[in-house]
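**Q** Structure provided below as structure tokens; questions to follow.
The values are calculated or read from the model by the stated rules, or taken from the named source; none is laboratory data. Here the structure is a predicted model, which means the values were calculated and not measured. Cβ: placed from backbone, ideal geometry, glycine included. Neighbour counts: every protein chain shown.
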Amino acid sequence: MHEIVRKPGVSSWRALRAVWLCAILISCVCGTRAQTTKPDAAAANSKEKVSLLIEGGTVVTMDASRRVIEDGAIAVRGDTIVAVGPRAELEARYLPQQRVEAQGRLVMPGLINAHAHAAMTLLRGIANDVTLQDWLTNYIFPAEARNVTEPFVADGTRLGVLEMMQSGITTYVDMYYFEDSVASVTKDAGMRAILGETLIDFPAPDNKSVPQALAYTEKYLQHWKGDPLITAAVAPHSIYIASEQTLRSAMELARRYNAPLVIHVAETKKELDDSLAKNQATPVAYLDRIGFLGPDVIAAHCIWVNADDIRLLAEHHTGCVNNPSSNMLLASGVMPVGALEAGGVAVGLGTDGPAGSNNDLDLMREMDLAAKLQKITKMDPRAMTAQHAIEMATIDGARAIHMDSEIGSLEPGKKADLIVLDLDAPHAVPLYNLYAQIVYSLQGSDVRTVVIGGRIVMLDRQALTLDQAEIVAAAKVWGMRVQKSMAAPPAGAHN
């Protein structure tokens with residue numbers, strides 16, 4: 001039986017209960033099964049040993065040739081894929097310590113949420129049907145000033161990571177406060193992530209000045225350097241909340257530590273107009289002028305861009321992230337995905353935050369919306385295909401966050417990040433076109449099993465590294481606190 005990892009503080013009876021439940025799941029004759037192999041001596045001597053074999057099912061590789069393997073298999077050694085191919089071939093060659101039976105199901109790369117604010121799950125739905133500026137100034141910033149502490153961020157991140165895991169996300173890019181705590185929670189859950197500490201020009205919940213924030217961020221970068229799951233990043237919020245000096249300090253710090261830079265870019269028409277008036281340049285051109293753009297930058301939104309902006313983004317190999325739900329809910333605009341990609345820019349897919357710019361962290365839903373939004377905007381049903389949407393959530397998303405050598409497809413040498421989806425729900429049958437079924441029919445709740453870095457973190461919808469009941473209970477308590485705080489007279493407000 002595989003090991004169950006839980007965060008400190010879970011009571012022994014709950015841990016025993018979880019082990020008991022896991023044992024039932026493993027021994028179940030239907031569904032995805034994880035079995036510990038007990039080979040005889042002859043078999044052990046004739047086969048290569050691997051730690052995990054995912055066998056059966058339809059394997060959607062998303063490799064360069066977009067291979068789809070019926071009755072396929074994936075062999076994993078440690079955290080790395082060693083072989084992908086027909087089940088019969090891999091079973092004859094490899095001897096696994098564990099097996100995951102996926103017969104009749106779908107196996108594909110784990111989804112990549114290229115832009116999120118995980119801890120903002122605890123502010124889910126706090127303000128809707130308002131403009132971005134109104135949402136930030138009158139709701140989010142006051143709510144954060146009154147409520148956001150390190151325990152708040154830790155509990156919100158647990159809720160966010162659980163939600164993402166259950167909808168098939170295996171890697172996410174984050175931007176928030178107390179990011180060292182975000183990293184600890186994410187690491188404990190077994191999730192892969194690029195996590196950016198936010199830099200802004202007014203007092204933040206974790207640091208009251210830019211120098212304090214830079215010092216915190218440097219320690220944070222040092223702490224997580226070289227971690228196999230966590231990539232620490234620097235995240236100046238945007239050109240309208242971070243001054244040129246703050247942006248320059250952020251990029252100098254990030255590049256000194258070879259860390260990614262995460263930023264919101266060209267999200268709204270107001271941002272574009274203000275930049276033209278203040279900087280005599282578009283947001284992208286302004287960032288280029290100060291030396292910010294580069295192959296280490298992950299730029300969220302990139303909606304209000306022109307041909308010159310696209311050329312600059314491509315020249316600097318800056319990745320962009322499409323956030324369709326957020327852009328629709330806040331009426332920010334529609335990313336010109338086709339023009340960006342035609343110009344050579346890698347475009348990934350993100351949920352954005354769940355506090356009113358989306359309200360959930362379900363990338364399966366984002367694939368569906370991304371395709372449909374491009375179709376209706378262009379008045380052309382061919383504007384974005386289902387396969388294209390899946391590419392944005394997998395291999396193209398990996399390119400956008402500069403990790404395509406490690407994740408995004410099921411290939412030997414890449415990290416063993418994969419998901420198993422059910423194909424037996426009423427909305428999942430019959431099946432004629434695989435890509436269309438994934439994007440337009442399947443749902444986050446169809447994800448059954450999740451493997452990250454070769455480790456089973458969810459089996460048959462049961463999270464093995466997170467305590468769902470405890471997480472949900474904590475979230476409800478925080479919700480009552482936030483609601484009470486927003487009803488009280490303000491102690492002060494940001495300018």
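**Q** Answer yes or no: is there a residue in region 114-122 that is in contact with a Pro (Cβ under 7 Å, 6 or more places away or on another chain), over 23 Å from ALA463 (Cβ atoms) and among the hydrophobic types (A, V, I, L, M, F, W, C). Quick ask: steps written out before the conclusion?
**A** Looking only at region 114-122, we keep the residues that are in contact with a Pro (Cβ under 7 Å, 6 or more places away or on another chain), and these are 120-121.
Retained after the next criterion (residues that are over 23 Å from ALA463 (Cβ atoms)): none.
So far as region 114-122 goes, no, none of its residues is in contact with a Pro (Cβ under 7 Å, 6 or more places away or on another chain), over 23 Å from ALA463 (Cβ atoms) and among the hydrophobic types (A, V, I, L, M, F, W, C).
**Q** Let me ask another. Quick one: what pairs do we get from region 160-188, first residue without any contact (Cβ under 8 Å) to a residue 12 or more places away in the chain, second surrounded by 24 or more Cβ atoms within 10 Å (Cβ to Cβ), C-beta under 6 Å, 6+ apart or different chains?
**A** none
**Q** Now for a different question. If I filter region 385-394 down to residues being crowded, with 24+ Cβ neighbours inside 10 Å and not polar (S, T, N, Q), which single residue comes out as nearest to the chain's Cα centre (by Cα)?
**A** Of region 385-394, the ones crowded, with 24+ Cβ neighbours inside 10 Å are 389-394.
This time we only want the ones that are not polar (S, T, N, Q), so: 389-393.
On the way: ALA389: 15, ILE390: 14, GLU391: 14, MET392: 12, ALA393: 9 Å.
Checked region 385-394; the qualifying residue nearest to the chain's Cα centre (by Cα) is ALA393.
**Q** Now, a different point. Give the residue that is surrounded by the most Cβ atoms within 10 Å (Cβ to Cβ), with candidates limited to residues of region 203-230 that are in contact (Cβ under 8 Å) with a residue 40 or more places away in the chain and under 21 Å from the mean Cα position of the chain (by Cα).
**A** Among those residues, the one meeting the criterion is TYR220.
**Q** Which number in (1) touching a helix residue (DSSP H, G or I) at 6+ places or on another chain (Cβ under 9 Å); (2) modelled with pLDDT of 95 or more; (3) surrounded by fewer than 24 Cβ atoms within 10 Å (Cβ to Cβ) marks the one condition that LEU132 misses?
**A** (2)
**Q** Hey, another quick one. Scanning for something buried (at least 23 other Cβ atoms within 10 Å of the Cβ), closer than 20 Å to MET392 by Cβ, at pLDDT below 95 and under 24 Å from the mean Cα position of the chain (by Cα), does region 334-354 turn up at least one residue?
**A** Within region 334-354, one or more residues are buried (at least 23 other Cβ atoms within 10 Å of the Cβ), closer than 20 Å to MET392 by Cβ, at pLDDT below 95 and under 24 Å from the mean Cα position of the chain (by Cα).
**Q** Still on this structure, I have one more. Which is touching a strand residue (DSSP E or B) at 6+ places or on another chain (Cβ under 6 Å), farther than 30 Å from ALA204 by Cα and surrounded by fewer than 15 Cβ atoms within 10 Å (Cβ to Cβ), of PRO430, PRO412?
**A** On the way: PRO430 fails: touching a strand residue (DSSP E or B) at 6+ places or on another chain (Cβ under 6 Å).
Just one listed residue meets the conditions, PRO412.
**Q** Right, another one. What is the one condition in (1) buried (at least 24 other Cβ atoms within 10 Å of the Cβ); (2) on the phi > 0 side of the Ramachandran plot; (3) of a type outside the set (A, V, I, L, M) that ASN323 does not satisfy?
**A** It is condition (2) that ASN323 fails.
**Q** Could you check how many residues of region 265-276 are of a type outside the set (D, E, K, R) and in contact (Cβ under 8 Å) with a residue 40 or more places away in the chain?
**A** Here is the first cut: in region 265-276, the residues of a type outside the set (D, E, K, R) are 265-266, 268, 272, 275-276.
Still in the list and also in contact (Cβ under 8 Å) with a residue 40 or more places away in the chain: 265-266, 268.
The qualifying residues number 3.
**Q** Select from region 442-476 the residues that are surrounded by fewer than 19 Cβ atoms within 10 Å (Cβ to Cβ) and under 27 Å from LYS372 (Cα atoms) and list them in ascending order.
**A** Within region 442-476, GLN443, SER445 qualify.
**Q** Any chance you could count how many residues in region 144-173 are in a helix (DSSP H, G or I), aromatic (Phe, Trp, Tyr) and under 23 Å from GLY110 (Cα atoms)?
**A** Count: 0.
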